[in-house]
Amino acid sequence: MQGYLIRRILQLLIVIFLALTAVFFMQFLAGDPVILLLPMDATFEEIAEMRERLGFDDSIFVQYFRFVSRALRGDFGQSLRHPQTAVQLVISRIPATLELALIAVVVSLLVAIPIGVISAAFRGSWFDQVAIVVTVFGQAVPGFWLGIMLILFFSVTLEWLPTGGRGEFNNLILPIITLTAFYAARFARMTRSTVLDVLNTDYIRTARAKGLSESRVLYKHALRNASISIITLLGLQLGQLLGGAVVTETVFYWPGLGRLLVQSLLNRDFPVVFTGVFFIALVHASLNLAVDLVYLLVDPRISYD
Amino acid sequence: MIGFFIVLLVILSSIFAPLIAPADPNQANRPNRLQPPGTPGHIFGTDQHGRDLFSRVVFGSRISIFVGLVTVIIAGTIGTVVGLFSGYFGKWLDSVIMRLVDVWLSFPFILLALIINAILGMGLRNVVITLIITGWVIFARLVRGEVLALKNLDYIQAAKALGQSELKVIFFHILPNVFTPIIIISSLQISQIIIAEATISFLGFGVQPPTAAWGNMLSDGRNFLFNAWWMATFPGLALAFTALGLNLFGDWLRDTLDPKISK
């Protein structure tokens, strides 16, 4: 177990290093920001002077090592459009994104797991058929359009809820519905198909033959074994959400990481973009590790020795 | 089967757009702006420049279908070739490619697409390039998995024992057997790609106005939510309808072509 943990942490470090390298090359391809920093009428001499002062004339290797050593000290440079550093800006947006992501995932699971289990248990029933249609729609409707339609209905027509922003409970409702529609559909489909697989196995037949009640068979025996795939999907989706629900945050003017990154891209504020991207890669890699460790708790058959 | 008819309808309307659309999608008519649906000559109403919304929705299907098809064909081909080599030759090649795929998939797809698009610059061609760069990995991973399952089967061993070259084994014996999953995943990927293009254009990257694309029409529509509900409604309906058709078609293909994985 200890050996496994050390190996996984080493892998995590390698992924972080790869992500840093990828970010460096993206920055390199995006071009240097000198032109953006200087006024429109800057002369060639001024541009050349600034390039030299900021180190863009050095060789790619020198630039790379300087970038990595600064990054390891938590220095990703200054935002080109805001007074803060890129790291400060990204950190300031994390609470909003975290709030939205966690609530969306919890609500999605609360909606999806019962639907998936009931659909599987009563396969072919009217409930199952309605659930299938709803989940197929939930996955086909583009999130940003659903968001706009919700604003149109609840904010513009009925005037019940705000069109966007953050602060009060009311601000949360529409973004959460938008995110839940998609994620709950995905979780429910997955829960249904894994529970169906499990229900066909011998040990479930045994549990039934022992005379256990159907709900006990479903929730104690079947769902427990379906939980591995649900946890895997959960880890992946949470990673995506923590990376900023880019589109949902933009539609609802939610001041999170996703919206910050879209705005920074439109403003070509690349230091902020790449800091955000690096942060996301970090979160994703850590979540992968966390998911693998949670397996140990859920499934006694898995061991990493 | 419903999926098939929806897809057919969208493809036909993109081919025959000039015949179906009653007006030129870019013909501005200022006095006629923001007319509601049902106005004579404008069943979907008009937009902020007085352009006929129905014509714009019909012409918008061209962008979506074009981006969807071209991207899937090119990304699918690249991904398939990479997956074939990665799975067949294994060893270090496979490790390197699969780590690359892992890193690629660890960024939120839409964010990666936005960054690439911001670096390449906007416009239709660059959206297609962006989506190819982000899209090939899914195919590579799928094909690689299939190849791993196939390559130790007797008929492949037999072909090798008969002295066929590696390339011949890969392209004549393995490739035909991974075709079915590739076709299935392609039809499902097209809907993802079409939504991705609309999302990118909606956020202000990608296809730029005045070209009629569903994504940038929705972006316009969002700015006029309080006085012209139709501008955000109809392009989005068209997009959701197309995505739904493609998903249903993909599910149907999977159930029909591959009884193993249908449930």
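The values are calculated or read from the model by the stated rules, or taken from the named source; none is laboratory data. On a predicted model such as this, the values are computed, not experimentally measured, just so you know. Ideal geometry is used to build each Cβ from the backbone, glycine not excepted, and the neighbour counts take in all protein chains shown.
List every residue pair whose Cβ atoms sit under 7 Å apart, with the two residues 6 or more apart in sequence or on different chains, where the first one lies in region A:201-218 and is of a type outside the set (D, E, K, R) and the second, anywhere, is loosely packed, with under 11 Cβ neighbours inside 10 Å and part of a helix (DSSP H, G or I).
That search, which allows pairs on different chains as well, returns nothing.
Pairs only if they're at least six apart or on different chains, beta carbon under 6 angstrom, first in region B:73-87 and assigned to a helix (DSSP H, G or I), second among the charged types (D, E, K, R); list them, first residue then second.
B:83/B:144; B:86/B:94; B:86/B:144; B:87/B:144
When you look at residue B:177, is it closer than 30 Å to residue B:121 by Cα and surrounded by fewer than 16 Cβ atoms within 10 Å (Cβ to Cβ), yes or no? Before you say what the answer is, go through the steps one by one.
Values: closer than 30 Å to residue B:121 by Cα: no; surrounded by fewer than 16 Cβ atoms within 10 Å (Cβ to Cβ): yes.
Answer is no for this residue.
Quick check on this structure: which one of B:47, B:94 is closer than 25 Å to residue B:199 by Cβ and either within 14 Å of chain A (Cβ to nearest Cβ) or touching a residue at least 40 places away in the same chain (Cβ under 8 Å) (or both)?
The match here is B:47.
Just to check your reading of the model, which residue among A:188, A:207, A:226, A:222 is surrounded by fewer than 22 Cβ atoms within 10 Å (Cβ to Cβ), over 30 Å from residue B:115 (Cβ atoms) and out of contact with any Lys or Arg (no Cβ under 7 Å at 6 or more places or on another chain)?
From the options A:188, A:207, A:226, A:222, the qualifying one is A:207.
Against the definition (among the small types (Gly, Ala, Ser) and farther than 30 Å from residue A:292 by Cβ), how does residue A:215 come out, yes or no?
Numbers: among the small types (Gly, Ala, Ser): yes; farther than 30 Å from residue A:292 by Cβ: yes.
Taking the combined requirement at face value, the residue satisfies it.
When you look at residue B:113, is it assigned to a helix (DSSP H, G or I), within 14 Å of chain A (Cβ to nearest Cβ), crowded, with 17+ Cβ neighbours inside 10 Å and of a type in the set (Gly, Ala, Ser), yes or no?
So residue B:113 fits the description; yes.
Given the criteria touching a residue at least 60 places away in the same chain (Cβ under 8 Å) and in a helix (DSSP H, G or I), does residue A:48 qualify?
Judged against the criteria, residue A:48 is not a match.
Assuming residue B:108 fulfils every condition listed in (1) surrounded by fewer than 17 Cβ atoms within 10 Å (Cβ to Cβ); (2) more than 26 Å from residue B:177 (Cα to Cα); (3) of a type outside the set (Phe, Trp, Tyr) apart from one, which condition is it?
Result: residue B:108 passes all but (1).
Among residues belonging to region A:229-258 that are outside any helix (DSSP H, G or I) and touching a Lys or Arg at 6+ places or on another chain (Cβ under 6 Å), point out the one that is nearest to residue A:162 (Cα to Cα).
Initial filter on region A:229-258 (outside any helix (DSSP H, G or I)): A:243-245, A:252-256.
This time we only want the ones that are touching a Lys or Arg at 6+ places or on another chain (Cβ under 6 Å), so: A:254-256.
On the way: A:254: 12, A:255: 15, A:256: 17 Å.
Going through the qualifying residues, I end up with A:254.
Being under 19 Å from the mean Cα position of the chain (by Cα) and either without any contact (Cβ under 8 Å) to a residue 40 or more places away in the chain or exposed (fewer than 15 other Cβ atoms within 10 Å of the Cβ) (or both) is the filter here, so list the residues in region A:100-122 that pass it.
A:102, A:106, A:110
Can you tell me which condition residue B:38 does not meet? The list is (1) free of Cβ contacts under 8 Å to residues at least 24 places away in the same chain; (2) crowded, with 17+ Cβ neighbours inside 10 Å, and all the others hold.
Looking at each condition in turn, residue B:38 falls short on (2).
Within region A:164-173, is even one residue crowded, with 17+ Cβ neighbours inside 10 Å, touching a residue at least 12 places away in the same chain (Cβ under 8 Å) and part of a helix (DSSP H, G or I)?
Checking region A:164-173: at least one residue is crowded, with 17+ Cβ neighbours inside 10 Å, touching a residue at least 12 places away in the same chain (Cβ under 8 Å) and part of a helix (DSSP H, G or I).
How many of the residues making up region A:141-177 are within 20 Å of residue A:255 (Cβ to Cβ) and either away from chain B (no Cβ under 14 Å) or under 19 Å from the mean Cα position of the chain (by Cα) (or both)?
16
Taking residue A:200 and the conditions (1) farther than 13 Å from residue A:105 by Cα; (2) modelled with pLDDT of 85 or more, which numbered condition does it fall short on, given that it satisfies the others?
Every listed condition holds for residue A:200 apart from (2).
Only one residue in B:147, B:169, B:207 is farther than 30 Å from residue A:252 by Cα and buried (at least 21 other Cβ atoms within 10 Å of the Cβ), so which one is that?
On the way: B:169 fails: buried (at least 21 other Cβ atoms within 10 Å of the Cβ); B:207 fails: farther than 30 Å from residue A:252 by Cα.
Criteria check complete, one pass: B:147.
Consider residue B:22 against the criteria (1) surrounded by 13 or more Cβ atoms within 10 Å (Cβ to Cβ); (2) outside any helix (DSSP H, G or I); (3) of a type outside the set (S, T, N, Q); (4) touching a Ser or Thr at 6+ places or on another chain (Cβ under 7 Å): it satisfies all of them except one. Which criterion is unmet?
(1)
If I ask for residues that are under 26 Å from residue B:7 (Cα atoms) and either in contact with a helix residue (DSSP H, G or I) (Cβ under 7 Å, 6 or more places away or on another chain) or among the hydroxyl-bearing types (Ser, Thr, Tyr) (or both), which ones from region B:70-92 would you list?
Within region B:70-92, B:70, B:71, B:72, B:74, B:75, B:76, B:77, B:78, B:79, B:80 meet the criteria.
Quick check on my filter: what residues within region A:114-151 are within 26 Å of residue A:262 (Cβ to Cβ) and assigned to a helix (DSSP H, G or I)? Let's see the steps before the verdict.
Initially, region A:114-151 is screened for residues within 26 Å of residue A:262 (Cβ to Cβ), giving A:138-151.
Those that are within 26 Å of residue A:262 (Cβ to Cβ) and assigned to a helix (DSSP H, G or I): A:138, A:139, A:140, A:143, A:144, A:145, A:146, A:147, A:148, A:149, A:150, A:151.
Taking region A:259-284 as the region of interest, how many residues are facing another protein chain (nearest Cβ under 8 Å), within 20 Å of residue B:122 (Cα to Cα) and either at pLDDT 85 or above or part of a helix (DSSP H, G or I) (or both)?
Residues that pass the stated criteria total 5.
Does residue B:103 fit the bill of being in a helix (DSSP H, G or I), within 14 Å of another protein chain (Cβ to nearest Cβ) and farther than 28 Å from residue A:11 by Cβ?
Here the answer is no, as residue B:103 does not meet what is asked.
How many residues does region A:230-255 contain that are within 9 Å of chain B (Cβ to nearest Cβ) and farther than 18 Å from residue B:107 by Cβ?
1
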